[in-house]
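Scroll down for the structure; my scribbles are underneath it.
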Amino acid sequence: MTTRTDAADKADRRRRRVPYLLLAPGMAWLLLFYVIPMFGLAITSLQEGSLEQGYTFTGNIGSYVSVFTTYLPQLRNSLMFALGATVVGLLVGYPLAYAIAFYT
């Protein structure tokens, strides 16, 4: 029966850490430029007040309810346009990618 040496164990641990170290810059980028701003926007959207009196965090989601009741046709149209653009992109993109991959 063979026993593993300390050097082999260290090499295995280092090898297991490599994927996480390679992911670290991308995750830091996403955290800095996506997660933190989205958190700030969410906090801002739940504030109430005015420019003169200042804004305070209330956690009131009533503005979201009013958006869905007031602007429902615009939201529906936006989603339908996005769905249409996605379908057209897929219908054009897949045959084009197939042709490029296999006929050039």
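Any read-out appearing in this document is the output of simple, stated calculations on the displayed coordinates, not a laboratory observation. A quick note: this is a predicted structure, and the numbers were derived from the prediction, not measured. Heads up, the Cβs are rebuilt from the backbone with ideal geometry, glycines too, and the neighbour counts pull from every protein chain shown.
Under the convention that each Lys and Arg Cβ holds +1 and each Asp and Glu Cβ holds -1, the size of the dipole of the chain around its Cα centre is about 660 debye. What FRET efficiency do you get for A42 and R15 if R0 is 41 Å and r is their Cβ-Cβ distance, rounded to the nearest 0.05? Efficiency for this residue pair is about 0.55. Which label marks the calculated value of log10 I(q)/I(0) by the Debye sum over Cα atoms at q = 0.11, 0.17 Å⁻¹, given the options (1) -0.81, -1.03; (2) -0.27, -0.67; (3) -0.35, -0.90? It is the one labelled (1). By the helix-only formula, in which each DSSP H run with n ≥ 4 contributes -39500 (n - 2.57) and the sum is divided by residues, the chain has a 222 nm mean residue ellipticity of -25000 deg cm²/dmol. Each of A97, L32, G84 was placed along the dipole of the chain (beta-carbon charges, centred on the mean Cα), and the one lying farthest toward the positive end is A97.
Model label points for L30 and A7, set 7 angstrom from Cα along the Cα-to-Cβ axis, are 3.8 nm apart. Screening the chain for DSSP H helices whose Cα atoms reach 24 Å or more along their own axis and whose mean Kyte hydropathy is at least 1.0 gives 72-103.
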